[in-house]
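Structure first, commentary second.
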Amino acid sequence: MDQSPIPSIIREVGFDFSWDVTKVWQLDVPVSDMQLAELVWHFDIPFLWYDGGVYNLTPRQVMTEPDRYKDEFLRMLESDPGYPIDIMRNKGRWLILDGLHRLMRLSREGKDTVRVRKIPRSKIPAIQKNG
């Protein structure tokens with residue numbers, strides 16, 4: 001894996017802990033609806049990785065240049081929008097823990113609302129990576 005430093009934008013908007021997505025999935029949290037527009041800010045942040053880099057590709061780039069970023073575009077198309085998007089309040093807005101590719105797909109399909117699970121910050125100890 002590339003050992004490049006984490007871009008400042010990721011440090012600015014991202015979480016200050018590492019989580020285990022399988023632990024997130026195991027949480028018993030209710031599902032609710034949210035306006036997709038509340039989460040589209042994610043599309044302009046380089047949360048994705050490309051060509052051996054780390055945090056060097058935005059969802060919007062994938063969505064507007066599918067031929068150039070085929071792997072991530074296919075990941076988006078193959079994502080299952082039947083699962084809710086897991087989000088947590090962070091630095092004043094909702095941040096995705098799991099489901100960025102599903103959000104991209106739902107946006108591409110023209111959806112206005114998405115199903116989400118709002119993970120309380122009190123669950124951080126339960127979802128943190130060990131070690």
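The values are calculated or read from the model by the stated rules, or taken from the named source; none is laboratory data. Quick caveat: nothing in here was measured; it's all calculated off a predicted structure. Note: ideal-geometry Cβ built from the backbone for every residue, glycine included; neighbour counts use all protein chains shown. Keep in mind that these areas ignore ligands, DNA and RNA; they rest on the heavy atoms of the full protein, side chains included. Shrake-Rupley method; radii C 1.70, N 1.55, O 1.52, S 1.80 Å.
Inspect all residues belonging to region 94-105 and state whether any of them is among the basic types (Lys, Arg), touching a strand residue (DSSP E or B) at 6+ places or on another chain (Cβ under 9 Å), surrounded by 15 or more Cβ atoms within 10 Å (Cβ to Cβ) and at pLDDT 95 or above.
Step one: of region 94-105, the residues among the basic types (Lys, Arg) are 102, 105.
From what is left, the residues that are touching a strand residue (DSSP E or B) at 6+ places or on another chain (Cβ under 9 Å) are 102.
Retained after the next criterion (residues that are surrounded by 15 or more Cβ atoms within 10 Å (Cβ to Cβ)): 102.
With the extra rule that they be at pLDDT 95 or above, the set shrinks to 102.
Looking for residues that are among the basic types (Lys, Arg), touching a strand residue (DSSP E or B) at 6+ places or on another chain (Cβ under 9 Å), surrounded by 15 or more Cβ atoms within 10 Å (Cβ to Cβ) and at pLDDT 95 or above, one finds at least one in region 94-105, hence yes.
Scan region 2-16 for residues that are open to solvent by less than 20 Å² (accessible area, probe 1.4 Å) and part of a loop (DSSP other than H, G, I, E, B) and jot them down.
Step one: of region 2-16, the residues open to solvent by less than 20 Å² (accessible area, probe 1.4 Å) are 10, 13-14.
Within region 2-16, just GLY14 meets the criteria.
Quick check on my filter: what residues within region 4-45 are over 16 Å from MET88 (Cβ atoms), in contact (Cβ under 8 Å) with a residue 12 or more places away in the chain and among the hydroxyl-bearing types (Ser, Thr, Tyr)?
If the condition is that a residue be over 16 Å from MET88 (Cβ atoms), in contact (Cβ under 8 Å) with a residue 12 or more places away in the chain and among the hydroxyl-bearing types (Ser, Thr, Tyr), then SER4 is the only one that fits.
Does region 106-116 hold any residues that are open to solvent by 50 Å² or more (accessible area, probe 1.4 Å) and outside any strand (DSSP E or B), and which are they?
Those that are open to solvent by 50 Å² or more (accessible area, probe 1.4 Å) and outside any strand (DSSP E or B): ARG108, GLU109, GLY110, LYS111, ASP112.
Checking THR113 against (1) at pLDDT 95 or above; (2) under 24 Å from LYS23 (Cα atoms), which single condition isn't satisfied?
(2)
Condition (residue is assigned to a helix (DSSP H, G or I), open to solvent by less than 70 Å² (accessible area, probe 1.4 Å), touching a strand residue (DSSP E or B) at 6+ places or on another chain (Cβ under 8 Å) and touching a residue at least 24 places away in the same chain (Cβ under 8 Å)) applied to region 57-66: is it met by at least one residue?
Within region 57-66 (the criterion being assigned to a helix (DSSP H, G or I), open to solvent by less than 70 Å² (accessible area, probe 1.4 Å), touching a strand residue (DSSP E or B) at 6+ places or on another chain (Cβ under 8 Å) and touching a residue at least 24 places away in the same chain (Cβ under 8 Å)), the answer is yes, since at least one residue qualifies.
Cβ-Cβ distance below 7 Å, separation of 6 or more or different chains: which pairs start in region 117-131 with a residue that is assigned to a strand (DSSP E or B) and end on one that is surrounded by 10 or more Cβ atoms within 10 Å (Cβ to Cβ) and modelled with pLDDT under 95?
Note: pairs meeting the criteria are GLN128/PHE17; GLN128/SER18.
Residue-wise test of (1) in contact with a helix residue (DSSP H, G or I) (Cβ under 9 Å, 6 or more places away or on another chain); (2) open to solvent by 20 Å² or more (accessible area, probe 1.4 Å); (3) part of a strand (DSSP E or B); (4) not aromatic (Phe, Trp, Tyr).
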position: ALA37; (1), (2), (3), (4): no, yes, no, yes
position: PRO46; (1), (2), (3), (4): yes, yes, no, yes
position: TYR50; (1), (2), (3), (4): yes, yes, no, no
position: ARG68; (1), (2), (3), (4): yes, yes, no, yes
position: MET76; (1), (2), (3), (4): yes, no, no, yes
position: ASP86; (1), (2), (3), (4): yes, no, yes, yes
